[in-house]
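Asker: One structure is given below, represented as structure tokens, and several questions about it will come after.
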Amino acid sequence: MSAVVIDGKAIAAQIRSDIAKQVKELRATGLVPGLAVVMVGDDPASSIYVNMKKRACDELGISSRQHLLPASTSQAELLDLIESLNADPDVHGILVQLPLPDHIDEQEVIAAISPAKDVDGFHPVNLGSLVAGRHGFVPCTPAGIIRLIKSTGVEIQGKECVVVGRSVIVGKPTALLLLQENGTVTVCHSKTKDLADKCRRADILVVAVGRPGFIKSDMVKPGAVVIDVGINRVDGRLIGDVEFETVKEIAGYITPVPGGVGPMTIAMLMHNTVQAALEQQRQS
Ligand code: GUN
């Protein structure tokens, strides 16, 4: 039997519609959530993402501004901009689009963002809160992944969860969130031995390695929930890290690419921005 395809686009649309209603109510009270997006250079993929974030803000009634800086921007100039955004009461969320050019120290830039405005959840304080199981901003893609898994009705508690990929943006925070949900979590990476065996144990398999079609059907347990975070451009087409056509015959649930995890990332960014606005209003 073929897997149920998890419709990330529809789930994200529902979340966006709920947020739009919430923003409308907030605007009526005089609170307009605001997001500042900073991009350095003109990486084509980053430009697409930044524009998608702007469109989502426009649709939901969130005020957005873009700071599109030339690739020659110095680290000091970027840090000055972040400092001014940190101090701006109309800006509740700050997102610096990654990757940054090589001459800029990414970690230092992220650390300069006020943790209260770090809607990406990449600041060490927010990542630390995640490790400690405390409330902070959760990175958007991992938060979206958990929502997609929950949408299936499959319980995470007690399940074998395997995350393939250990990036700070996706793999590590996803592993921590699954652990918080009482999953039994294994994190695999490029040095893992017997990767196929480990993947085959998974009731819930999350793959974020950036290698097209990396996960084949013989690496998947029958009935598993398979979440494909990969976005790979191959011959002008977007394909995931999971070989969709074959794995869908084995898995119980599977996300497509595009239309799976991608739309959830932006929905969660909008969610974090509204939460940032509410929290900053509460503190003021
Ligand atoms: N580049 C790729 N993914 C992301 C993301 O989630 N946030 C930011 N800021 N940059 C990215």
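Taken together, the values in this text are just the output of simple stated rules run on the coordinates, not laboratory data. Predicted, not measured: the structure shown is a model, and the values here were computed from it. As a convention, Cβ positions derive from the backbone with ideal geometry for all residues, glycine included, and neighbour counts pool all protein chains shown.
Asker: To the nearest Å, what is the center-to-center distance of the range 20-49 and the range 66-108, using C-alpha atoms only?
Answerer: 15 Å
Asker: If you rank Asp203, Asp228, Asp194 by fewest surrounding Cβ atoms within 10 Å, what's the result?
Answerer: Asp194, Asp203, Asp228
Asker: For the range 49-121, what is Rg from Cα atoms divided by 2.2 N^0.38 Å, rounded to two decimals?
Answerer: It is 1.10.
Asker: Measure off 7 Å from each Cα along the Cα-to-Cβ vector at Gln281 and Asp58, then give the distance between these two points in nanometres to one decimal.
Answerer: About 2.5 nm, to one decimal.
Asker: Connecting C-alpha atoms closer than 10 Å in a GNM of the chain, tell me which of Asn272, Asn182, Asn126 has the biggest fluctuation.
Answerer: Of the options given, Asn182 has the highest mean-square fluctuation.
Asker: Stretched out fully, how many nm does the piece from Asp218 to Thr29 gain, at 0.36 nm a residue minus the Cα gap?
Answerer: Going from the current span to full extension adds 62.5 nm.
Asker: Follow-up. Going down the table (Lys24/Lys172; Lys172/Lys248; Lys53/Lys198; Lys21/Lys53; Lys159/Lys193), which pairs top 30 Å between alpha carbons? Don't skip to the end; give the middle numbers.
Answerer: Values: Lys24/Lys172 35 Å; Lys172/Lys248 26 Å; Lys53/Lys198 36 Å; Lys21/Lys53 18 Å; Lys159/Lys193 21 Å.
Cα-Cα > 30 Å for Lys24/Lys172; Lys53/Lys198; rest within.
Asker: Please build a GNM for the chain, connecting alpha carbons under 10 Å apart, and tell me which residue among Leu68, Leu176, Leu85 fluctuates the most.
Answerer: Leu68
Asker: Report the normalised scattering of the chain as log10 I(q)/I(0) at q = 0.10, 0.16 Å⁻¹, calculated by the Debye formula with identical scatterers on the alpha carbons.
Answerer: -0.53, -1.28
Asker: Could you size up the charge dipole of the chain around its Cα centre, putting +1 on the beta carbon of Lys and Arg and -1 on that of Asp and Glu, and report it in debye to the nearest 20?
Answerer: 760 debye
Asker: Quote the charge dipole size of the range 168-249 about the Cα centre in Debye, to the nearest 20; the model charges only the Cβ of Lys and Arg (+1) and of Asp and Glu (-1).
Answerer: 260 debye
Asker: Placing +1 on the Cβ of each Lys and Arg and -1 on the Cβ of each Asp and Glu in the range 88-132, which of Gly121, Pro99, Val131 has its Cα farthest towards the positive end of the resulting dipole?
Answerer: Going by the charge dipole, the pick is Val131.
Asker: Sticking with this structure for a sec: How would the range 99-206 be classified by its alpha-carbon gyration tensor: rounded, prolate or oblate, with rounded meaning a/c under 1.5 and the a/b versus b/c comparison settling the rest?
Answerer: Values: a/c = 2.53, a/b = 1.51, b/c = 1.67.
Note, shape of the range 99-206 comes out oblate.
Asker: May I ask you to evaluate 6.51 cos²θ - 1.76 cosθ + 1.60, the Karplus curve with θ = phi - 60°, for each residue of the range 83-93 and list the ³J(HN,Hα) values in order in whole Hz, giving x for glycine and proline?
Answerer: Result, rounded to whole Hz: 4, 5, 5, 4, 8, 7, x, 7, 9, 9, x.
Asker: Also: For a quick check, take a GNM of the chain with Cα springs below 10 Å and name the residue from Glu160, Glu243, Glu25 with the largest mean-square fluctuation.
Answerer: Maximum fluctuation in the GNM of the chain, among the listed residues, is at Glu25.
Asker: Let me ask you something else. At 222 nm, what value in deg cm²/dmol follows for the chain if DSSP H runs of at least 4 each add -39500 (n - 2.57) and the sum is divided by all its residues, to the nearest 500?
Answerer: Rounded to the nearest 500, the figure is -13500 deg cm²/dmol.
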